2 protein chains.
Amino acid sequence: MSTDPRAQRSRAAVVQGAAELLLADGPGGVTVDAVVQRTGVARSTIYRHFPTSTDVLRAAVDAVLPEVAPGGRALAGDSPRDVLVRRVTATAEQLSTGAWVRALPALLELVAREPALEAHRTEIVARHRTDLVEHLRAAADAGLLPVGADLGVAADRLVGPLFYRRLVTGEPLTPELCEQLVDSVLTPGDPR
Amino acid sequence: MSTDPRAQRSRAAVVQGAAELLLADGPGGVTVDAVVQRTGVARSTIYRHFPTSTDVLRAAVDAVLPEVAPGGRALAGDSPRDVLVRRVTATAEQLSTGAWVRALPALLELVAREPALEAHRTEIVARHRTDLVEHLRAAADAGLLPVGADLGVAADRLVGPLFYRRLVTGEPLTPELCEQLVDSVLTPGDPR
DNA sequence: CCAGTACGAAACAGTACTGTAGCGAAACGG
DNA sequence: CCGTTTCGCTACAGTACTGTTTCGTACTGG
């Protein structure tokens, strides 16, 4: 029943097409008709797999959201500062990607309006955050942060300005900015 | 013709009603029928004042956006640090206001999708920014910032984490956080 | 090979929104 | 006070989307 390759194929096609539409046109662009036209999957087939069009959108969000967490692997010989710089720069590059420039505001608007997606948001943010906080803890252990520093706030100070620039002001995210941000969090008073 | 109080009244009612709908339900909630039902202004009257429903939405955005710039007046006797703390705290409080919690993501999504609104965005951001940069310059003149500091980046470091928390993580914006942010930008190395 | 199943195509009612048009009533202003 | 303007009301065609249903076809797995 669920092992039928036809069912798996068409379901996957629907989710992928819906995800593409989500990235291209935002949540409002994920309509059943649009998915039909894009994927060639029939209308009745979509409604056989998903109770409602909202569930299609939810599946698309599920398919898209995991990409938010970069999870860059840290090389062994790197200094904690280098790890942070690479991590923050990776986030900046990801935020500058064409797809995310359009999708991020749409996703935020969607999450703000749909309480059902709140759980997804916190999960993704947590994954994104614990990764970053882990790097910060390593830096703190190396004495690069003040003793009582709140690592959560430090994380906000690292990536907050990046999201702010991308979402609000529209200014570019340069590698120099990323280094500046890391150095502004590390070693307060001795920027070296 | 345009001095007729009837025309002015109904136009103002439409704009105000549309702005309320924009804050309450987002851009998608600003439909002609919704404005009719909310304001009592007739359908034909709305179309007599605005060529298309998009123009109604644009007028609503115009009516709502100026509120973004807080423009808190600085009291004479305050230290530059106090001015910045009050300014950042005011921004945090505004971001925590119920209306803006719902409206901000919607507005960002709208601006991201409608290139026609890009000019508005840059204008509002500029007003918001020059105000903040002005305060930062005063602090720099008082020797509270390193000599070569980029005031634009300093502004990003001040309010970026606030927007990030509000938009992405959903964490609360406490007065303590605001003070921490100001102190993290001022006097690097001498947090006092 | 063949019964069971998923499929594509197409038509359907229902809802919501846009933009237009015509009409009589009420308000404005000289 | 009376002509002009604006108003509210209602009806209308057109579009877009949702969710349901039917039917014949093609694929899958035992």
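Cβ-Cβ contacts under 8 Å between residues 6 or more apart (or on different chains), taken from a first residue in region B:3-17 that is more than 9 Å from DNA strand D (Cβ to nearest atom) to a second residue that is basic (Lys, Arg), are listed as B:Gly17/B:Arg38. Every listed requirement among (1) in a loop (DSSP other than H, G, I, E, B); (2) surrounded by 15 or more Cβ atoms within 10 Å (Cβ to Cβ) is met by B:Asp183 save one, (1).
B:Gly152 fulfils the conditions (1) touching a residue at least 12 places away in the same chain (Cβ under 8 Å); (2) within 25 Å of A:Val111 (Cα to Cα) except for a single criterion, (2).
Within region B:3-25, the set of residues being of a type in the set (Val, Ile, Thr) and over 15 Å from B:Asp55 (Cβ atoms) comprises B:Thr3 only. In a helix (DSSP H, G or I), within 10 Å of DNA strand D (Cβ to nearest atom) and open to solvent by less than 60 Å² (accessible area, probe 1.4 Å): is that true of B:Ala24 in this structure? The answer is no for B:Ala24. Specify the residue that is nearest to A:Arg165 (Cα to Cα); the eligible residues are those in region B:154-188 that are of a type in the set (Asp, Glu) and at the interface with chain A (Cβ under 9 Å from one of its Cβ atoms). Filtering first and then ranking leaves B:Asp156. Within region A:118-148, being within 12 Å of chain B (Cβ to nearest Cβ), among the aliphatic types (A, V, I, L, M) and over 19 Å from A:Val159 (Cα atoms) holds for one residue alone: A:Ala119.
Examine region A:134-141 for a residue that is in the same structural domain as A:Leu84 (by TED's automatic domain parsing) and closer than 20 Å to B:Glu179 by Cα, and state whether such a residue exists. Within region A:134-141 (the criterion being in the same structural domain as A:Leu84 (by TED's automatic domain parsing) and closer than 20 Å to B:Glu179 by Cα), the answer is no, since none of the residues qualifies. Can you report the number of residues in region B:33-65 which are open to solvent by less than 50 Å² (accessible area, probe 1.4 Å) and under 15 Å from B:Gln16 (Cβ atoms)? Of the residues in that region, 16 qualify. Check region B:96-117 and report whether any residue there is in a helix (DSSP H, G or I), closer than 18 Å to B:Ser184 by Cα and without any contact (Cβ under 8 Å) to a residue 60 or more places away in the chain. No, because not a single residue in region B:96-117 is in a helix (DSSP H, G or I), closer than 18 Å to B:Ser184 by Cα and without any contact (Cβ under 8 Å) to a residue 60 or more places away in the chain.
Of all residue pairs spaced 6 or more apart or on separate chains, those with beta-carbon atoms under 6 Å, a first member in region B:28-48 that is part of a helix (DSSP H, G or I) and among the hydrophobic types (A, V, I, L, M, F, W, C) and a second member that is open to solvent by 30 Å² or more (accessible area, probe 1.4 Å) and within 9 Å of DNA strand D (Cβ to nearest atom) are B:Val36/B:Arg43. Inspection of region A:8-18 finds a residue satisfying the criterion of being in contact with a His (Cβ under 8 Å, 6 or more places away or on another chain), more than 20 Å from A:Leu117 (Cβ to Cβ) and either open to solvent by 30 Å² or more (accessible area, probe 1.4 Å) or within 10 Å of DNA strand C (Cβ to nearest atom) (or both). For region B:30-64, the tally of residues that are small (Gly, Ala, Ser), more than 10 Å from DNA strand D (Cβ to nearest atom) and more than 20 Å from the chain's Cα centre (by Cα) stands at 2.
Going by what's in this entry, would A:Leu151 be described as within 12 Å of chain B (Cβ to nearest Cβ) and more than 20 Å from B:Leu145 (Cβ to Cβ)? No, not satisfied.
Checked against (1) crowded, with 21+ Cβ neighbours inside 10 Å; (2) over 16 Å from A:Thr169 (Cβ atoms), B:Leu158 meets all criteria but (2).
The values are calculated or read from the model by the stated rules, or taken from the named source; none is laboratory data. Please read these numbers as outputs of a predicted model, since none were measured by experiment. Glycine gets a Cβ as well: all are built from the backbone with ideal geometry, and neighbour counts include every protein chain shown. Note: areas computed on protein heavy atoms with side chains; ligands, DNA, RNA excluded. Shrake-Rupley method; radii C 1.70, N 1.55, O 1.52, S 1.80 Å.
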